[in-house]
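A short write-up of the structure that comes next.
The values are calculated or read from the model by the stated rules, or taken from the named source; none is laboratory data. This one's a predicted model, so the numbers in the text were calculated from it and none came from an experiment. Don't worry about glycine lacking a Cβ; one is built from the backbone with ideal geometry, like all the others, and counts go over all protein chains shown. Each accessible area value is taken on the protein alone, full model and side chains, heavy atoms only, with ligands, DNA and RNA left out. Shrake-Rupley method; radii C 1.70, N 1.55, O 1.52, S 1.80 Å.
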Amino acid sequence: MGATIISPTFLSAYLLLLCLVCSLKEGYALGRRATVAESHHLEHSHTIQVSSLLPSSICSLATKVLDKKSSLQVVHKHGPCSQLYHHDKANIPTHAEILLQDVARVKSIHSKLAKSLGSTKVDQTDAANIPAKDGSVVGSGNYVVTVGLGTPKKDLTLIFDTGSDITWTQCQPCVGTCYKQQDPVFAPSLSSTYSNISCSSTTCNSLASATGNTPGCSSSACVYGIQYGDSSFSVGIFAKEKLTLTSTDVFDDFLFGCGQNNQGLFGGAAGLIGLGRDKLSLPSQTASKYRKYFSYCLPSSSSSTGFLSFGYGGVSKFVNFTTLTTISQGTSFYGIDIVGISVGGKKLPISASVFTAGGSIIDSGTVITRLPPTAYTALSSEFRKLMSQYPKAQPLSILDTCYDFTKFSSVSVPMISIFFRGGVEVPIAAKGILYVNTISQVCLAFAGNNDDTDVGIFGNTQQKTLQVVYDGVGGKLGFATGGCS
C-alpha cells in the first residue's frame, strides 16, 4: 500500500491547532507562575485595614488577664489609657518631636557605649552643673506603669526603661525645679518607712556604675545625679523605702532616688523604673523573689494596654530564647545577637559580620529599631520593591521609606522577621512594621545607624504585641508572639 499523503489544507490547520495548544500551555504556565508568585506574596504579607492604622481616642483594655499577683498594667503615656494623657493633652508631642527625642536617646546610648563612662562629681547644691537646656529632650521611653511607694502607700506613675538602672521619683521639697507631674509629688516626711542612705556607705559608692556619675554628699546624705538623652536630669537624695508592686508583692528597703531637682520631658510621669542589669536596678534588688526574671508586652497601639510581669507566672509556653550578651562599656544594657532579616518570606543576603561589627541591644525606651546601614539598605530596598504599587510620601524625620494610603481601604504589607542567635525567628507584628504619622504618611519603622560599627538597637515599635521575657540569671532573652493585643 502506498504512503498516505496529508493534504496541505489539513496540514496547515493541524499546525495552527498545535500552535494554539502550545500557546495555551505557555499561557497557563505563565499564569501559574504569576499565581504562585502572587500567592507567595500574599502568604508572606499582612493585609491591613487602613482605618485601623490610627489609634482610637477610646481606651480598649487587654482581653488577656495575666497572673494579677505579680503583674502591672502597661500603657502608652500619650494614649487614652493613660491618666497622663487626660492630665496634659495640650502637651502631647507630634510624631516628628517623638522621633527627634528618639534620635537624642540613640545618640546618648551610642556615646555612652563609645567611650568609658566619664565620672562627673555630683553635688546637690551644684545640681545646675549637670548640663540642661531649655525644652530639653529626654528619650526615657513611652510606656508607663503604676506602683506604690512609702507607708502609707502613695501611687506613682513611672516610665519603665530597660536601658536605665536607677529608679527615681520627684520628691518634696523641690530644692531646684520639679517639672509638672500628674500624681502628687512624693513627700518622704509623710512616710514612716523612708530613710536616707549615708554618703559614707558602700551602697552610696555603688551609684557610680548605675548612673555614670560619682555620688555627692549633703549633710551626710548620699546625693545621686543622672542624665538622660542629652540634657534632662534628676538629682537628689539616695534613699530606701517600701516599694509596693502589687498587693502581694511588697519590698522593704528598696533603694531609689528621691529627686529634688529634675528637668526634662517626662510626659507628666512621676519618674522612672530602671530595669537594667546593674545591681541597683529593680530586677537586681528583687532577685531573691523573682530571680531577675520579668516579661512585658507592649500594646499594638497607644489606645490599648499591655503588661509588665515579674517572676515566672504568666509566661507563654511558646517562648523561644536567644542568649543575652554583654556590650563592653555598657554592662547595664541587654546585649543580643541579631544574625539576619527576612522581608516577604525572603532572607536578605546580609553577611553576619555586618551585625557583629557593632553588636546590638534590646531597649524598651528606643522607639525605632536601628540597624547597621548595610542591613537597613538591604531591608528598605526589598520592602520598596514589594510596596511598589503604593504611592510614595515624603520622609518623616529619620524614616525615609514612606507611603500615602489615602486612596486605599486596605493595604498589603510584606512580613518582616528578625533572626537572633540560636535559630530564633521573631516575626514582627503588622503594627510593628509601620510608623503612622497620618494616613498620607505611613513609614517603614526602621532606620539605619550612621556606621556599621554603631551598636544596633531593637526598639519598642518592633516589640509591640510580643511577650518579651528577660531571664537575668539564665542569661537569656525570649520572645513569644501574641502576648497582648
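Considering only residues that are aliphatic (A, V, I, L, M) and modelled with pLDDT of 95 or more, which ones fall in the stretch 313-356?
Of the residues in the stretch 313-356, the ones aliphatic (A, V, I, L, M) are 315, 319, 324, 327, 336, 338-339, 341, 343, 348, 350, 352, 354.
Scanning the stretch 313-356 gives V319, L324, I336, I338, V339, I341, V343, L348, I350, V354.
Does T151 satisfy the condition of being polar (S, T, N, Q), at pLDDT 85 or above, open to solvent by 10 Å² or more (accessible area, probe 1.4 Å) and under 29 Å from S206 (Cα atoms)? Spell out the reasoning first.
Working: polar (S, T, N, Q): yes; at pLDDT 85 or above: yes; open to solvent by 10 Å² or more (accessible area, probe 1.4 Å): yes; under 29 Å from S206 (Cα atoms): yes.
Criteria met by T151.
Among the residues of the stretch 218-245 satisfying the criterion of being modelled with pLDDT under 95 and not small (G, A, S), which is farthest from D165 (Cα to Cα)?
So, considering only residues that are modelled with pLDDT under 95 and not small (G, A, S), the one farthest from D165 (Cα to Cα) is D230.
Name the strands (runs of 3 or more DSSP E) wholly inside the stretch 270-368 in which the number of residues that are of a type in the set (S, T, N, Q) is 1 or more.
Per the criteria, 293-297, 306-310, 320-323, 325-327, 330-336, 338-343, 360-362.
Quick check on this structure: which one of F256, F266 is assigned to a strand (DSSP E or B) and aromatic (F, W, Y)?
Of the residues listed, the single one that is assigned to a strand (DSSP E or B) and aromatic (F, W, Y) is F256.
If I filter the stretch 412-430 for residues that are touching a Phe, Trp or Tyr at 6+ places or on another chain (Cβ under 7 Å) and more than 19 Å from T325 (Cβ to Cβ), do I get at least one hit?
So far as the stretch 412-430 goes, yes, one or more of its residues are touching a Phe, Trp or Tyr at 6+ places or on another chain (Cβ under 7 Å) and more than 19 Å from T325 (Cβ to Cβ).
So for the stretch 433-446 (the condition being assigned to a helix (DSSP H, G or I) and open to solvent by less than 30 Å² (accessible area, probe 1.4 Å)), does at least one residue qualify? Talk me through it step by step, then tell me what you get.
Residues of the stretch 433-446 that are assigned to a helix (DSSP H, G or I), as a first pass: 433.
So of that shortlist, the ones also open to solvent by less than 30 Å² (accessible area, probe 1.4 Å) come out as 433.
Yes; the residues of the stretch 433-446 include at least one that is assigned to a helix (DSSP H, G or I) and open to solvent by less than 30 Å² (accessible area, probe 1.4 Å).
Among L466, L386, which is surrounded by 21 or more Cβ atoms within 10 Å (Cβ to Cβ) and modelled with pLDDT of 95 or more?
L466
Considering only the stretch 388-423, how many residues are in a loop (DSSP other than H, G, I, E, B), farther than 29 Å from I338 by Cα and touching a residue at least 24 places away in the same chain (Cβ under 8 Å)?
6
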